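Trainee: Can you keep this structure in mind? I'll have questions shortly.
Every number in this text was worked out from the coordinates using simple rules, so none of it is lab data. Because the structure is predicted, anything quoted here is derived from the model rather than measured. In this analysis, Cβ positions are derived from the backbone assuming ideal geometry, glycine residues included, and neighbour counts consider all displayed protein chains.
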Amino acid sequence: MEICQFRWTSEKGWEAPTPSAANANLVLAFSDAPYFRSPDCYHDLRKLFPTAHIVGCSSSGSICNTTISDADIVVTAVTFNKGSVKLVSVGVTPGEDLEALATGVMKQFNAAEMRHAFVLSDGLSVNGSDLARGLNSIGVSVTGGLAGDGARFSSTWVMADAPAAQNMLAIIGFFGDINAKFGCVAGWHEFGAERLVTRSRGNVVFEIDYKPALTVYTKYLGELAKDLPSSGLRFPLSVRPTEFDEPVIRTLLAVDIEAQSLTFAGDVPQGGFCRLMKTDVDSLIDGSGMAAESAKLDGNANSSLCLIVSCVGRRLVMGQLTEEELDIVREHLGPSPTITGFYSYGELAPFSNVVGCRLHNQTMTLTTIEESTL
């Protein structure tokens, strides 16, 4: 595996990739720059990489090794020697059955030969819980994330062998002599009383403990309520569909003042239980180290790839200290892996003790990939 990493900036344009990168199989691009959304960006990349699958998404911060940036485009070109990739992408219609859509897309891959799938999805029009159920349909390990849009929550974009577009789903299948591992840890803590979700529909919550959901939520936020929905990233919900389920974290995406409702990145089932969550910088950084340890590869390959999807809510809490969670990842993984990725509106990964992919929020999710040395 050969990896080349470079950037585009508005001041200097594209850095020059290494000549051998022209034969790359897979090119990943992450950015919060407006240029990423223009057709010219894709066409520039296609000229540089005529035979590669070119895939990426808008971000709430783009990752290049242990640094985070917003105004540039981070590109990572990967050339496989023993492995290969296949890309399938599809447009998502608002209101569409996402579980059925994702199931149909996954069936286009050969499950018996696929080693792993990495997913990039629109971050605002997609219910990640429905998406995850469909992604699990062929029994292959899946990780990935929902595209970001800074802290604006206006529009998210996915590039998949075409100019970036809204309402898109892209799935990269990895095949051949490839090893993949992953880790997913949050580092958030519940507080306050556990409450009953008394009225909800999918990922929209109307009532908590028989009171308007927005009223209950803003009571906890106090002065921060004026900055909703972005301030809600600091106070996600811990959600248990039943008292026997392991909780998942759900991030707030939107509020409806007229309906007094809250829209989250994934399902919050009616009749389920929820509690508010908070965190501190040390807990988030420790969680990132735990995720990295879970994703640490066992092989001795000279070159490997680490794909990070971390939640925008973590970045808002950590502020200028955010890069410390990337430093701890590098410390655990060592010098070999090339690190790239983005800050997201949702993360897709299995729990550590199960195979099936789930939607998470507020987590640090890592996927490490290397070619077999045997």
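Trainee: Can you give the helix-only mean residue ellipticity at 222 nm for the chain, where every DSSP H stretch with n ≥ 4 adds -39500 (n - 2.57) and the sum goes over all residues, rounded to the nearest 500 deg cm²/dmol? Walk me through the numbers before you get to the answer.
Mentor: Working: 7 runs with 69 residues, N = 374.
Here the helix-only value at 222 nm equals -5500 deg cm²/dmol.
Trainee: Near P337, within a Cβ-to-Cβ distance under 10 Å, what is the net charge of the other residues, with Lys and Arg +1 and Asp and Glu -1?
Mentor: +1
Trainee: Per residue, what volume in Å³ does the Cα convex hull of the chain take up?
Mentor: Convex hull volume per residue, Cα atoms: 128 Å³.
Trainee: Quick one: net charge around E325, please, counting Lys, Arg +1 and Asp, Glu -1 for every other residue with C-beta under 11 Å from its C-beta.
Mentor: On the way: positive: R314, R315, R330; negative: D282, D286, E323, E324, D327, E331.
Net charge in that neighbourhood comes out at -3.
Trainee: Once each part is reduced to its C-alpha centroid, what is the distance from the range 29-50 to the range 151-165 in angstrom?
Mentor: Cα centroid to Cα centroid, the span is 11 Å.
Trainee: How much space per residue, in cubic angstrom, does the convex hull of the C-alpha atoms of the range 189-277 take up?
Mentor: On the way: hull volume 7.2 nm³, N = 89.
Value for the range 189-277: 80 Å³ per residue.
Trainee: Distance between the C-alpha centers of the range 302-369 and the range 106-125? Whole Å please.
Mentor: The two parts, judged by their Cα centres, are 18 Å apart.
Trainee: Please list 3J(HN,Hα) in residue order for the range 75-89, calculated via the Karplus relation 6.51 cos²θ - 1.76 cosθ + 1.60 where θ = phi - 60°; whole Hz, with x for glycine and proline.
Mentor: 10, 10, 9, 10, 10, 8, 9, 10, x, 8, 10, 10, 10, 10, 9
Trainee: Let me know the charge dipole size of the chain about its Cα centre in debye, to the nearest 20, where only the beta-carbon of Lys, Arg (+1) and Asp, Glu (-1) is charged.
Mentor: Charge dipole of the chain: 440 debye, to the nearest 20.
Trainee: Express the relative contact order of the range 82-228 as a whole percentage, based on alpha carbon pairs under 8 Å and six or more residues apart in sequence.
Mentor: Working: 218 pairs, mean separation 39.7, N = 147.
Relative contact order of the range 82-228: 27 percent.
Trainee: Which one of C184, F264, T373 has its Cα pushed farthest toward the positive end of the charge dipole of the chain, where Lys and Arg give +1 and Asp and Glu give -1 at the Cβ?
Mentor: Working it through, the farthest residue towards the positive pole turns out to be F264.
Trainee: Next question, about the same structure. What nm distance separates the two modelled labels at K12 and A225, each placed 7 Å from Cα along Cα→Cβ?
Mentor: Label at K12, label at A225, 4.8 nm between them.
Trainee: Suppose every K and R has +1 on its Cβ and every D and E has -1 on its Cβ; what is the size of the dipole of the range 1-151 about the Cα centre, in Debye to the nearest 20?
Mentor: It comes to approximately 520 debye.
Trainee: While we're looking at this one, here's another question. Taking the Cα centre of the range 131-205 as origin and charging only Cβ (+1 Lys, Arg; -1 Asp, Glu), how large is the dipole, in debye to the nearest 20?
Mentor: So the magnitude is around 320 debye.
Trainee: Mean separation of Cα pairs under 8 Å and 6+ residues apart, divided by the residue count of the chain: what relative contact order is that in percent?
Mentor: Value for the chain: 21 percent.
Trainee: How do 246-252, 151-157 rank on mean C-beta neighbours within 10 Å, highest first?
Mentor: Per-residue mean Cβ counts within 10 Å order the peptides as 246-252, 151-157.
Trainee: How charged is the neighbourhood of E99? Take every other residue with its Cβ under 14 Å from the Cβ of E99, and add Lys/Arg as +1 and Asp/Glu as -1. Before the final figure, lay out each step's value.
Mentor: Numbers: positive: K107, R133, R358; negative: E96, D97, D130, D267.
Here the charged neighbours net out to -1.
Trainee: For Cα pairs less than 8 Å apart in space and 6+ apart in sequence, what is the mean separation divided by the residue count of the range 189-277, i.e. the relative contact order in percent?
Mentor: 42 percent
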